[in-house]
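In what follows, a single structure is set out as structure tokens and then discussed.
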Amino acid sequence: MEEHKNHITTVTKWDEYAKQNDLPSAAQLIHAFVSWSNLKTELGLSKSSNKGYPFTKEELIQIAIDHSEHFTTIRKWNEYARDHQLPRHMSYVNAFGGWNEAKKEMELKITEDKKAPTYTKEQLRRILEENQRYFINQSTWNKHAKNNKLPYYLTIRKHFSYDEIVKITNTKKNKGHTQKDLLEILIDHREFFFKSSLKKWDKYAREKYLPSSTTIYRAFKGWKNAKIELTRFIKESTN
């Protein structure tokens, strides 16, 4: 189906194309893939990708690293990805030109990360104290860290709780939890956020040291409202 995937848009349009090219009907494909949505996901044509905010190569590699024990064969990955709402193998094929090429990129990134400098807790504390005015939110800190070769937000959060960071940097508690700051955080995790429930998000957020569903819910006065605002924010960012 790979050579015909650009024609897999709606059921009606596909049936017209399939009839002209002697291909399986939409009904047959739905029977094979359980749903039309699953078919599009398998081919890297998910709803989110068609809205203008697909995974970047960097995001795909990070996802592969985070789940590297499952990133082995196409079949095993697709089974795992389907259960955990992650990009299927075709997303990697489309981005890197092949499954093996994607695996090589992942292995290269892991090697580079192992060569990255490590920090003690005391070193991180001093870095926070010396750069506290930049610890406004995750996005601002990461930009500063990138420009000055400092540890990124997630590295710091692995060693300090949010309350500890507030105390070290003398910032007000909850600073960085405005709607705009939350949107800047969520845009980097948009694929999972759009598909997740409050419960699924909290599990993901704990692993990634991100704001909880309660924080997001309160800021936007609703879970659905947060997703609507993030969609608007993404569109504005790409214009």
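The values are calculated or read from the model by the stated rules, or taken from the named source; none is laboratory data. Small disclaimer: the values here were computed from a predicted structure and weren't measured. Cβ sites come from the backbone with ideal geometry, for glycine too, and all protein chains shown count toward neighbours.
Residues are listed down the side, and each one gets a yes or a no for (1) assigned by TED's automatic domain parsing to the domain that holds GLN85; (2) of a type in the set (D, E, K, R); (3) modelled with pLDDT under 70:
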site	(1), (2), (3)
HIS4	no, no, no
THR10	no, no, no
ASP15	no, yes, no
ALA18	no, no, no
ASN21	no, no, no
ALA26	no, no, no
GLY44	no, no, yes
SER49	no, no, yes
ILE63	yes, no, no
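Search the stretch 87-97 for residues being closer than 17 Å to LEU39 by Cβ and among the hydrophobic types (A, V, I, L, M, F, W, C), and hand back the single one that is surrounded by the most Cβ atoms within 10 Å (Cβ to Cβ).
MET90
Of everything in the stretch 196-239, what is on the phi > 0 side of the Ramachandran plot and in contact with a Lys or Arg (Cβ under 9 Å, 6 or more places away or on another chain)? Give them in sequence order.
Within the stretch 196-239, just TYR209 meets the criteria.
Within the stretch 123-233, which helices (runs of 4 or more DSSP H) (wholly inside it) include 2 or more residues that are within 20 Å of GLU59 (Cα to Cα)? Walk me through it before giving the result.
Values: elements: 138-148, 153-157, 162-169, 179-186, 190-195, 198-208, 213-220.
Correct list: 138-148, 153-157, 179-186, 190-195, 198-208.
For GLN138, indicate whether it is in contact (Cβ under 8 Å) with a residue 12 or more places away in the chain and either in contact with a Phe, Trp or Tyr (Cβ under 9 Å, 6 or more places away or on another chain) or within 25 Å of TRP223 (Cβ to Cβ) (or both).
Taking the combined requirement at face value, the residue satisfies it.
Give the residue, chosen from GLU59, GLU69, that is closer than 16 Å to ASP188 by Cβ and either modelled with pLDDT of 80 or more or surrounded by fewer than 20 Cβ atoms within 10 Å (Cβ to Cβ) (or both).
Only one candidate passes the filter, namely GLU59.
Given (1) farther than 27 Å from THR214 by Cβ; (2) within 18 Å of the chain's Cα centre (by Cα), where does TYR119 come up short, assuming only one miss?
The one condition TYR119 does not meet is (2).
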